[in-house]
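Written out below as structure tokens is the structure these notes cover.
The values are calculated or read from the model by the stated rules, or taken from the named source; none is laboratory data. Just so we're clear, the structure is a prediction, and the values are computed from it rather than from any experiment. We place every Cβ from the backbone using ideal geometry, glycine too, and count neighbours over all the protein chains shown.
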């Protein structure tokens, strides 16, 4: 699954916009220390601080200020309800310009006198800001940033405000006490033939995603299974558990894990570390403008996972 490719497929685009390269870089930056390094608690505290910093960054989820779906053809852009894309932020000019959606390509034409830039350069003529095989262009005006996302056959404008109240109000994320017993070994059972699993998002869009394998682990003498998707050396797990109704985010949480190391001894070849202390809220916990995937029914555990992040906010 192209978790890092924002331009291909519904869930694939989540990963870049949802988790993006910032999250994978964060995971890699922490890693596992040797016995002479910091304690496990210190590692998890550092991991958590990196997580907080990523949410507060310019590409984090806390500064989202709007999500607007485009129609084919012209879509006017400006402040207020008179526009097809009605930016709600008072610092936006009355008329910024227009987007033109045609056959999967989106062009932006600025209004005369509108100060819109891309990559630090003023936009003064029509500019392709989204096409199927290129990275979306980020447009800027003051503290505002916006770009095109694709969900199924829908194209939308995602707006960021670097002065967002969500960002200013954020302090930290509550989490369960760090408990190393939730750092579990799991066996990755790869499918014998290529398979996909159905993933639905909060918009109701269903996508078929390649199954990387099923993770099988034990807790308190019972065996549990979780389907995983992923790319490269990472596995991505959408899961629910018995804490979702009262302590953690209602629809479930996300977890990343490293794939088994290639060339390792046969006994360890299919082993994966699942550290539920790193279970995180989906972006929808932090903003109403995210389009989160929901754990498939087979990933809803009959287990109380009192580890990782607790519920944040009311989104």
Scanning region 80-98 for residues that are farther than 21 Å from residue 290 by Cα and crowded, with 17+ Cβ neighbours inside 10 Å, which turns out modelled with the highest pLDDT?
98
Mind listing whichever residues of region 139-154 are more than 15 Å from residue 87 (Cβ to Cβ) and in contact with a strand residue (DSSP E or B) (Cβ under 6 Å, 6 or more places away or on another chain)?
149, 154
Criterion violated by residue 89 - all others in (1) assigned to a loop (DSSP other than H, G, I, E, B); (2) assigned by TED's automatic domain parsing to the domain that holds residue 132; (3) under 29 Å from residue 282 (Cα atoms); (4) without any contact (Cβ under 8 Å) to a residue 40 or more places away in the chain satisfied:
(4)
Within region 230-243, work out how many residues are at pLDDT 95 or above and buried (at least 19 other Cβ atoms within 10 Å of the Cβ).
8
Going by the conditions given, is residue 210 in contact (Cβ under 8 Å) with a residue 40 or more places away in the chain, outside the structural domain of residue 295 (by TED's automatic domain parsing), touching a strand residue (DSSP E or B) at 6+ places or on another chain (Cβ under 6 Å) and surrounded by 13 or more Cβ atoms within 10 Å (Cβ to Cβ)?
no
Residue check, residue 196 touching a strand residue (DSSP E or B) at 6+ places or on another chain (Cβ under 9 Å) and free of Cβ contacts under 8 Å to residues at least 24 places away in the same chain
yes
